[in-house]
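The values are calculated or read from the model by the stated rules, or taken from the named source; none is laboratory data. Fair warning: this is a prediction, and the values are worked out from it, not measured in the lab. Positions of Cβ are backbone-derived with ideal geometry, glycine not excepted, and every protein chain shown enters the neighbour counts.
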Amino acid sequence: MELEKQEFAETTVQDVESGALKNVKPRDADLALGVYELDVTEAEIAAVDHQKLVRKIDLRLIPIMTAVITLFTMDKATLSYSSIMGIRHDAHLTSNEYSWLGSIFSLGYMFANLPCALIIQKVPLSKWVVVNMSIWGVLLACMAAGKNYGSLFAIRLLLGIFEASITPVFVIMTGMWYTRAEQAARLGLWYSGVGLATIIGSPIAWGLDSPSASTGSLSSWQLLYVVFGAITVALAICFYFTVPDSQLSAKFLTPAERVVAINRIRVNQQGIGNRKFKAYQAIELLKDPRTYLYFAFQFIANIGYGAVGTFGSLMLVSLGFESRRALIMTMPHGATTLVGVIVTCYFASKMNDRTLWAGVSAMFGIVFGACLYGLEDNKWGSIIAFYFQQVFVAAYILNFSLVSANSAGHTKKVLTNCVLLLGSTSGSMTGPQITKNDPTYKKVKLVMMLAPTICLLILACIRLLNILENRRRDKSESRNEHVANSEFLDLTDGENKEFRRKAQVMKFMSFQEPPQECPRFTATPESLLRDTKLLIQQTKEVQDQLSKTVKPETVTFQNVLLPLIQNEHKVELEKNILNFYQNVSVDSNLREASREAEKLFEASEIETFTREDLHCLTDAVVMNSKEGDLDLESQRLLEQVHRKFVYNGLGLPKGEPRTRFAELQTRLSELRLKFDENRNEENGGIWLTRDELDGVPQDVLDGLEKDKDDPNKLRATFQWADFIPIQSYAKTSETRKRIFLGFENQCTQNVPIMKEIFVLRDEVARLLGVPGRPAIWPFAKRPRGDQFSFDAFKFAEYFSLDTTVRGMLEIFESLLGLVFLEDDGTDRDKYWHDDVKLFHVWDSELRGGGFVGYLYMDLHPRQGKYNNPSNHNLQPGFLDANGVRRYPATALRCGFSKPTPKKPSLLKHSEVVLLFHELGHGIHDLVSQTKYARFHGTRLVDDFCETPSILLENWCWSASVLESLSQHYSTLSPEYLQIWKEEAGGENVPPPPTKLPNEMIESVIRTRMVNSALVKLRVLHIALFDMAVHTPRSHQDIVDMNISELYNRLWVQVVGFDGPEDQGHEWGHGEATMGHIVDGYDVGFYGYLLSEVYALDIFHSFFKADPMNAIEGHRYRDTLLKKGGSQDEMKLYKLPGNQWFT
C-alpha cells in the first residue's frame, strides 16, 4: 500500500500540473485517500466477501439511523400530540400563537442550515450528531417547563437549530457508505422512521394521556416531553459508541474490509468527504439550474407536510373523533407512511430510477389528496384518503436521494443539502401560516392535493435536465480524459466529466431513441463498388490537398495528422461494413463485390503509405514534436502512422528496393484475399450411413442433409456444428478417421497460396532488415465423458441458445453496468439476414444511462456465410472533427446449430465457453472510448488483445454462474416438454430439474483440467508453426520449406498425435484454414497463451472469490476495456491503485 500511495501522489501532481484538473491539489483531495495508509495485503483484500461486508455495514448503521429519525420525527410531532393533551389550554395559547409554535421550529431549522452546512464539512460527522442529539434531548425535556407562549417559542426555536444537522448528515453518510445504486433503498429504510414515529409515538402519547399516567405534578403533555427528551439523550450515547465517522475509523471492520468499503464506492465518483471549503464549488452550485428546482420541490412538498404536521391531529378531531381516540387514529397514518417510503424506495433502488418512483408517490398524493378534498362529508372515506395521501412523503426522501446521487464535490454536496433543507424548512414554516384560522381545514386539504401536483412537474423538469446533460457529456471529447483516482479528488459533478447524472434506467424506457442511427445493410453489388471507389477517391483528394497546401517547415500535428485521421474516420464508418458482406451475405454476387472492395481498399492503403510526400510531412511532424506537446493517445497515433510509412518501404533507398517492396505488398494483398475467399466459400463434407454414425446424438443427425434417393445416407459438413459431435461420439473408429482427415484437408488450394505468402513476407522482412512420448492418433479414442460421467448433450439441454444469450447479457449488465435492449425488428434495413438479432446497448442508470453502441448477433450457419466464430467491428467509436462522439457497432458471428421443430438450438459447454469468448471481444468493442478509431476496442497489440475475451471464459467454470445461466429447454414451452417426455420414456416420466443439477455442475468443473495440457500444446503447435514459417534462417529455407510437412511434424512432436503410418507427414493440410496467420496474427499466435496468463492473473486476483463483483467489474471496465489500444498496454494496466498484475 505504501508504493501505491507514493505512485498516486506522483500521478495526481502530474495530472494537476498538466492542467487536467485546474481546481485540484493533491493535499485537497478526498479523505478516502487515507485508504493508502492502511497496512493490508492484496490477498487480504481479495479475501473480503463483498456481500457480507454490505450486510455488516447495514446492521451497524441502518437500525440506529432509523431510531434517530424516529425520535427526530416524534419530537416534531409532539406539538401536535400535546395540542390534544392540553398544552394550548395550560399555556394559554391562541390559535395564531399555536401556529407560530409550529412555524418557529422551522425558522430555527432554516437559520441554522448554512452554519450547520459549513460546520459539517469541518467536523467528524458521527460526533457532531451526538452533540446535537444530546442538546436537543435536553431542550425537549425543557419544553415541560414552558408555562407560556414566550418560553415555548424560545425552546422551539432552539430545537429547530439543533435538529437542523440530522437529515443532511444522514444523507451525506449514506453517500459515504453506499454505492449510488444502493442509496435509495438505504435512505428509504432509515427515513421509514418518519412513519414508525407515528406508529410508536401515537400510542405512547395516548398512554401518557390516560388518567393513570398522571404524576400529579406533571400534566400528560409535560410528561410526554420529559420521556421523549430522556430517550433522545440515551440514544445519543448509543450513537456515539455505534457509528464511526467514516470507513477509515470503523473499528467494527477489519483493515482489509475498510479498504474494500472505500474502494466499493469509487463508482459513485463522489468520495467520502473533504474538510476544506472550496468557494468555486459554491459558485458552481449557484449556476446549476437544478439547485433551484431542488429548492422548489422541497419548498412545495413541505408546505403540505408542514400543514399536516401541525393540524393533522386536529383535522382528525374535526372529523368527529374524540381527542384521545384521535391520537390512536394517527397510527394507520404512520403505517402508510412507513410502508410507502420503504416500498417506493425499494423499487427506486431495484429499478435504478428515483424520479420515476418519486413521481409514483406524488401521484398517490394527488389522487388521495383530491379524494380528501372532495369527500368532505364522508368520514371514513376522508380518513382513508388522509392515510394514503401520506405515501407522498416518499417523494421527499427520494428527492434527497436524487441529490445525493447527482451531486459531487464535498463543499457542493453539503451546500446542496443546505439548499434542500432551506426549501424544506421554509415550506414547513409556510404551511401552518397559509392554512391557519380555518376550522374546516379546507385549506389543509387543498394544499395536500396541490403540493404533489406541482412537485410532479418539477420532477419531470429535473429528469429532462439530467437526460440532456448526460447526452451532452456523452458527445463531449472530455469524457475521453481519465485521471487516476479521479473518484477521490473531491471533484464536483461539473468538473468530473466521467460523472453521469442519474436520470433513468433505459431498461424501463425501451422507447428511448439512440442518439445515433445504426448501420444500414442495403447494398447491391453495384452500389457497394460505387461507394468503395467514391471513398477511395475522397481519400486521395484529401491527401493531394494536404500535399499541396502544407509545407514541411509549417507542419503541425493539427494540419497534417488530424486531416488524415478525420478522413480515415469517415472511411471507417462505411469500409468495415462494405468488407463485411463477404462473410455473411447469401448473395454470391454481393460477396464477390465485397471481396473486390476489400482489394481496392487495401490497394488504396498501400498507395497511401508509400507516398513520399505524405511521409515527408509526417516525418517533419515527428521531428518538430516536443515531449508534452500531445496527449498520450495523439502521441501514440503519431508514432504509429510514422512507423507505418517506414514499414511500407519509405525507409528504403529510392529505385529498385522501393519498387520491389511495393510489388510485394500488392501481391501479398491479392494472396490474402484469395486465401480468405477460398476459406469462406468452403462447403466440403462427406456422406455417411446411419450405421457409420452410430453413437452420434439424434439431435445432430436431425440437422444433417439427407440423401434424396437414400434416406440412410447423411451428409456431414466440416463445420464445427457437425464435425465436433461426430469426431467425439461416433463409435466407429473409421468414421472418426474419415471426418478428421476430411476436416484437415479442406481448402487444399490454399496450401500454395499460403506458401507464397510466407516466401514473400520473408522477402519483405529482409528488405526492411528486420530479419520418448506416447503415440496418439486423434481419432483413436472417444471423449472424456465416460471417465467423468459428463454427458455434453445432457448438459446442452440446459443451455438453449436464446436463454443462454439472455443470461450472458444479464451478467454483463450486472458486472459492467450495461443495459441491452433488443431492437423491435420492424426496420429490416438494419439487418443483413433474418437470423440476425440487434441490441441497443446503454450504460446502466448507475453510470448515467448514456448510449454505448449497437450489438449484432448472427449465430446460425447458412450457405455463403463463413461460420467460424468471430467478432467484427462494423463501425468504430471515435471523436469526430467537432468533438462529438461516434458510437460503435459490433457484430458477433458464429455457427451454432439451428433450432429444429423438436428442440431449440442447444449449446454444449465448449460452445458456451466459445460464446463468452467472442462476446468478450464484442463487449470490449462496445465499451471502449478512444479519441481515434485506430485504437478503438480490440485494436491492441497482438499478444494482449485476447486477454479480455479469455478472461470471460472463466465465468463458464463458475458453479454459481452455470446454475444461473441454465434452464432446461423443456420448461420453455409445453410443446418442448411433451417432446422431451416422449424421448425420455413417456408421459409418466417426471420432468427434469429446471436448473442444471449440482452433480452435473461439479462434473463439468472437474473436466476443466482434463486434457488441458493437450489443449495448450495444440495452441503451442500452431504458435511454433507460425514462428517457424516467419523466422527462417535464410530466404532459401522458406522457399524450400514443405509447410504441410512442417505443420504435421510439429503436431506429432509437440502435441503427441501420430498421423497415418503409411502417409508420413503429408496426410493433411490443416494449415490451409489458419486464417489468423494470414490475416494479421503472423508471428503473434503465441499471444493466445500469453493472454491466458494475464487473464488468469486478473480473474484470480479480483473475481475468483465473487465472479459477479460489480465493484471490480466497473473498475475493470474503466481501467482496462475503456482505453482500447490508446495507451501502452503494460503501463496502462499498472496504473497506481489499479495494479491488476500481481
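If you go through the range 225-246 one residue at a time, how many are at pLDDT below 85 and in contact with an Asp or Glu (Cβ under 8 Å, 6 or more places away or on another chain)? Final tally of qualifying residues: 1. Candidates are the residues of the range 962-982 that are polar (S, T, N, Q) and part of a helix (DSSP H, G or I); the one that is farthest from residue 908 (Cα to Cα) is 978.
Just one of the numbered conditions (1) closer than 28 Å to residue 1070 by Cβ; (2) modelled with pLDDT of 85 or more is not true of residue 720; which one? The one condition residue 720 does not meet is (2).
Looking only at residues of the range 534-581 that are of a type in the set (Asp, Glu) and either surrounded by fewer than 15 Cβ atoms within 10 Å (Cβ to Cβ) or closer than 17 Å to residue 931 by Cα (or both), we find that the one that is modelled with the lowest pLDDT is 553.
Matching residues to (1) over 42 Å from the mean Cα position of the chain (by Cα); (2) at pLDDT 70 or above; (3) assigned to a helix (DSSP H, G or I):
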{"position": "408", "(1), (2), (3)": "no, no, no"}
{"position": "419", "(1), (2), (3)": "no, yes, yes"}
{"position": "425", "(1), (2), (3)": "no, yes, yes"}
{"position": "432", "(1), (2), (3)": "yes, no, yes"}
{"position": "452", "(1), (2), (3)": "no, yes, yes"}
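Sort out which residues of the range 335-364 are under 18 Å from residue 301 (Cα atoms), among the small types (Gly, Ala, Ser) and either crowded, with 24+ Cβ neighbours inside 10 Å or not assigned by TED's automatic domain parsing to the domain that holds residue 187 (or both), and write them in order of number. Once the filter is applied, which keeps residues that are under 18 Å from residue 301 (Cα atoms), among the small types (Gly, Ala, Ser) and either crowded, with 24+ Cβ neighbours inside 10 Å or not assigned by TED's automatic domain parsing to the domain that holds residue 187 (or both), the range 335-364 yields 340, 358, 361, 362. When 644, 626 are checked against the criterion of being in the same structural domain as residue 550 (by TED's automatic domain parsing), basic (Lys, Arg) and not in a helix (DSSP H, G or I), 626 stands alone in meeting it. You will find that of 989, 1004, the residue that is out of contact with any Gly (no Cβ under 7 Å at 6 or more places or on another chain) and either more than 21 Å from residue 920 (Cβ to Cβ) or surrounded by 21 or more Cβ atoms within 10 Å (Cβ to Cβ) (or both) is 989 and no other. Pairs linking a residue in the range 571-593 that is within 19 Å of residue 675 (Cβ to Cβ) to a residue that is assigned to a helix (DSSP H, G or I) and hydrophobic (A, V, I, L, M, F, W, C), with Cβ atoms under 8 Å and 6 or more positions apart or on different chains, are 579/597; 579/601; 581/528; 581/590; 581/593; 593/528; 593/529.
Beta carbons closer than 7 Å, at least 6 apart along the sequence or on distinct chains, pair a first residue in the range 62-75 that is of a type in the set (Phe, Trp, Tyr) with a second that is in a helix (DSSP H, G or I) for 72/163; 72/166.
Only residues that are farther than 30 Å from residue 97 by Cβ and among the β-branched types (Val, Ile, Thr) were counted across the range 148-190, and they come to 5. Report yes if some residue within the range 1002-1019 is at pLDDT 90 or above and not acidic (Asp, Glu); otherwise report no. No, the range 1002-1019 has no match at all.
Each row is one residue, and each column tells you yes or no for (1) in a helix (DSSP H, G or I); (2) on the phi > 0 side of the Ramachandran plot; (3) among the basic types (Lys, Arg); (4) at pLDDT below 90.
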| residue | (1), (2), (3), (4) |
| --- | --- |
| 652 | no, no, no, yes |
| 673 | yes, no, no, yes |
| 694 | no, no, no, no |
| 724 | yes, no, no, yes |
| 755 | yes, no, yes, no |
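What about residue 598, is it acidic (Asp, Glu), part of a helix (DSSP H, G or I) and within 38 Å of the chain's Cα centre (by Cα)? Criteria met by residue 598. Considering only residues of the range 891-930 that are among the polar types (S, T, N, Q) and farther than 27 Å from residue 963 by Cβ, which is nearest to the chain's Cα centre (by Cα)? Once the filter is applied, the top-ranked residue is 928.
Scanning the range 671-686 for residues being aliphatic (A, V, I, L, M) and in contact with a Phe, Trp or Tyr (Cβ under 9 Å, 6 or more places away or on another chain) gives a total of 1.
Scanning the range 251-262 for residues that are surrounded by fewer than 21 Cβ atoms within 10 Å (Cβ to Cβ) and either modelled with pLDDT under 80 or of a type outside the set (D, E, K, R) (or both) gives 252, 253, 254, 255, 256.
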